[in-house]
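Reading through the structure tokens given below for one structure.
Bear in mind that the values in this text are calculations on the coordinates, not laboratory data. All of these numbers come straight from a predicted model, not from anything done at the bench. Don't worry about glycine lacking a Cβ; one is built from the backbone with ideal geometry, like all the others, and counts go over all protein chains shown.
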Amino acid sequence: MRTPLIAGNWKLFKTIGEATALVNDLKPLVASTSGVEIVVAPVFTALSRVSEAMAGSNIHLAAQNCYWEEEGAFTGEVAPKLLKDAGCSHVIIGHSERRQYFGETDGTVNKKAKAAIAAGLTAIVCVGETLAEREADKTFAVIETQVTGGLEGFSVESLTHAVIAYEPVWAIGTGKTASDAQAQEVHAVIRGLVAKLFGQAAADGIRILYGGSVKPDNVKGLMAQTDIDGALVGGASLKADSFAAIVNFAA
């Protein structure tokens with residue numbers, strides 16, 4: 001059985017005080033939740049303080065990005081071991097906004113994911129097509145390129161420390177959500193690609209999350225799909241009650 005993972009990507013929101021307040025509000029709402037891995041991803045500046053605030057809870061900490069070198073003359077970058085030092089157990093890599101605005105490629109995603117896993121973090125590797133690509137019937141080709149490139153050179157063992165997040169770019173922050181069937185179709189393709197690359201056992205074990213305007217009122221339908229193992233939540237994770245409702249989708 002794959003343990004569902006619900007991750008809240010806070011993007012460029014929340015000061016240190018606001019971030020710690022949010023996690024303090026969230027803790028009692030999910031304290032009795034079992035069978036779900038809960039992750040939140042604040043901005044870099046809030047990581048260590050949020051880590052202290054969530055100590056002893058069932059919430060895990062993620063960063064929103066990392067660099068692939070351990071140290072050196074790389075001004076403005078943050079290494080995986082520094083994220084680990086700040087209290088992180090997870091890191092989001094290759095989010096569509098990183099690809100769109102900051103030049104992320106399948107190659108840089110691959111290097112970051114390998115470095116994150118080597119440092120003891122779980123890498124949440126993001127893939128997804130744009131609206132133009134979907135309308136041109138290129139969804140599966142794009143997904144295959146991103147999955148293959150992002151996981152190139154991985155061992156079966158290292159793959160156990162990775163999670164894939166499918167986030168159709170056209171559904172992020174737009175209020176549009178892929179239908180349950182659309183999301184399931186792509187998730188099944190991703191699992192098939194992992195089976196082709198790493199074997200069926202690896203494919204059966206890896207968790208594939210859906211991201212793209214996930215809300216309390218659509219999460220149950222998504223989570224009922226065979227190959228959807230969780231959610232990467234954006235806007236709805238910025239309020240404790242709405243994120244808790246998503247975490248507690250099975251309640």
Item to complete: With θ set to phi - 60°, apply the Karplus curve 6.51 cos²θ - 1.76 cosθ + 1.60 along the range 237-249 and write out the HN-Hα couplings as whole Hz, x wherever there is a Gly or Pro.
Response: 8, 8, 10, 4, 5, 6, 5, 4, 5, 6, 4, 8, 4
Worksheet item: Which entries in the list Lys84/Lys111; Lys138/Lys215; Lys114/Lys239; Lys14/Lys81; Lys176/Lys239 go over 22 Å, if you measure between the two C-alpha atoms of each?
Response: Lys138/Lys215; Lys114/Lys239; Lys14/Lys81
Discussion item. Once you compute Rg and the Kirkwood Rh from C-alpha atoms, what is the Rg to Rh ratio for the range 67-176?
Written reply: 0.99
Item to complete: Work from the charge dipole of the range 2-93 (Cβ charges, +1 for Lys and Arg, -1 for Asp and Glu, about the Cα centre) and give the residue of Leu61, Gly72, Ala31 farthest towards its positive end.
Response: Ala31
Response to the item:
Summing -39500 (n - 2.57) over every DSSP H run of at least 4 in the chain, dividing by its residue total and rounding to the nearest 500, the 222 nm mean residue ellipticity is -12000 deg cm²/dmol
Discussion item. Order these by the 10 Å Cβ neighbour count, fewest first: Thr174, Thr33.
Written reply: Thr174, Thr33
Worksheet, complete the sentence: Residues whose modelled amide H sits under 5 Å from the amide H of Val233, counting only those 5 or more places away in sequence or on another chain, are Ala7, Gly8, Asn9
Item to complete: Could you list Asp106, Asp25 in order of exposure, starting from the residue whose Cβ has the fewest other Cβ atoms within 10 Å?
Response: Asp25, Asp106
Worksheet entry | GNM result for the chain, Cα springs below 10 Å: residue of Ala181, Ala165, Ala123 fluctuating most strongly | Ala181
Worksheet entry | For q = 0.15 Å⁻¹, Debye-computed log10 I/I(0) when each Cα of the range 88-137 counts as one equal scatterer | -0.44
Worksheet item: How large, in Å, is the range 123-166 by the Kirkwood hydrodynamic radius built from its alpha-carbon pairs?
Response: 11.2 Å
Worksheet entry | Radius of gyration and Dmax over the Cα atoms of the range 41-119, both given in Å | 12.6, 37
Worksheet item: So how do Tyr166, Tyr67, Tyr210, Tyr101 line up by other beta-carbon neighbours within 10 Å, fewest first?
Response: Tyr101, Tyr67, Tyr166, Tyr210
Response to the item:
By the Kirkwood definition, with r running over pairs of different Cα atoms, the range 154-251 has a hydrodynamic radius in Å of 13.9 Å
